[in-house]
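Undergrad: Can you read through this structure? Questions will come right after.
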């Protein structure tokens, strides 16, 4: 597995961003996608969040290793938002909040964000999401089901994100009819999953104020180096193929997978594992033929 650092930029024009990064689908870290003068950088903190929304119930998510047969893992419990924030600031924990939309609960918070929109109006500013996690928590290697472009801005703490293009899906043992990989890329077992040796991706470390651009259809594995939180906004897929994949994933594939899992249970998962490994073996052969 080879990982190259993601480039960090500031003051890029919309024309250059669209031409150099968005159109060719290349990740980049933007240091000023959210304007440094945004009130969020001085106003937001855990005590403020507890004051305005501490009593809200939140679903807590843990390790996803046990949920490989599911499109999305199930929450492991509930807590008040305030108690959850106390948890992640007191000790390392794998517990995290997934798609917790504080910005919908308190829509006035959206006014605290000023965007330098290098997409020329493509980002969906009215639909941001927040992600919270404790030190050491992870989000499994996956592609976003709707195939959108994602801009994820760190506000507190540090995140490490590994990125791989869609074309390498077979090498990372993508489970059929799902949107995550069978193999654990954080602790790769090259004997069990030899395709991982041929992966060629990027590593991004994002600090407060920095925004990682994840192109449509790119795989991403996320690790919280410290406790922290981020805000993501999306831009709809650009090409017809990406739009079709997003529509198919949302409307057809995830429901088909749920039906088959309910009908055939472990047999359905075993079938998907075998198919993922067959496709990976074919991809490995192609890689070896390129190297001859």
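Undergrad: Would you kindly identify the strands (runs of 3 or more DSSP E) lying entirely within region 1-114 that contain at least 1 residues that are within 21 Å of the chain's Cα centre (by Cα) and at pLDDT 90 or above?
TA: Once the strands (runs of 3 or more DSSP E) in region 1-114 are filtered for at least 1 residues that are within 21 Å of the chain's Cα centre (by Cα) and at pLDDT 90 or above, what remains is 2-5, 28-30, 57-60, 96-100.
Undergrad: Further question on the same structure: Specify which of the listed residues (235, 283, 204) is more than 22 Å from residue 129 (Cα to Cα), buried (at least 16 other Cβ atoms within 10 Å of the Cβ) and in contact (Cβ under 8 Å) with a residue 24 or more places away in the chain.
TA: 283
Undergrad: Wholly within region 116-159, which strands (runs of 3 or more DSSP E) include no fewer than the required count, namely at least 2 residues that are over 17 Å from residue 237 (Cβ atoms) and at pLDDT below 90?
TA: Here the list reads 138-142.
Undergrad: Can you find a residue that is out of contact with any strand residue (DSSP E or B) (no Cβ under 6 Å at 6 or more places or on another chain), more than 24 Å from residue 268 (Cα to Cα) and surrounded by fewer than 23 Cβ atoms within 10 Å (Cβ to Cβ) anywhere in region 140-148?
TA: No - not one qualifying residue is present in region 140-148.
Undergrad: Ok, one more. Looking at region 111-122, is at least one residue in contact with a strand residue (DSSP E or B) (Cβ under 9 Å, 6 or more places away or on another chain), surrounded by fewer than 20 Cβ atoms within 10 Å (Cβ to Cβ), in contact (Cβ under 8 Å) with a residue 60 or more places away in the chain and under 27 Å from residue 75 (Cβ atoms)?
TA: No, there is no match, as no residue in region 111-122 is in contact with a strand residue (DSSP E or B) (Cβ under 9 Å, 6 or more places away or on another chain), surrounded by fewer than 20 Cβ atoms within 10 Å (Cβ to Cβ), in contact (Cβ under 8 Å) with a residue 60 or more places away in the chain and under 27 Å from residue 75 (Cβ atoms).
Undergrad: Determine which single condition residue 211 fails, assuming it passes every other condition in (1) over 19 Å from residue 168 (Cβ atoms); (2) modelled with pLDDT of 95 or more; (3) surrounded by fewer than 22 Cβ atoms within 10 Å (Cβ to Cβ).
TA: Going through (1) over 19 Å from residue 168 (Cβ atoms); (2) modelled with pLDDT of 95 or more; (3) surrounded by fewer than 22 Cβ atoms within 10 Å (Cβ to Cβ) one by one, residue 211 breaks only (3).
The values are calculated or read from the model by the stated rules, or taken from the named source; none is laboratory data. Since the structure is predicted, the reported quantities are computational estimates derived from the model, not experimental observations. Heads up, the Cβs are rebuilt from the backbone with ideal geometry, glycines too, and the neighbour counts pull from every protein chain shown.
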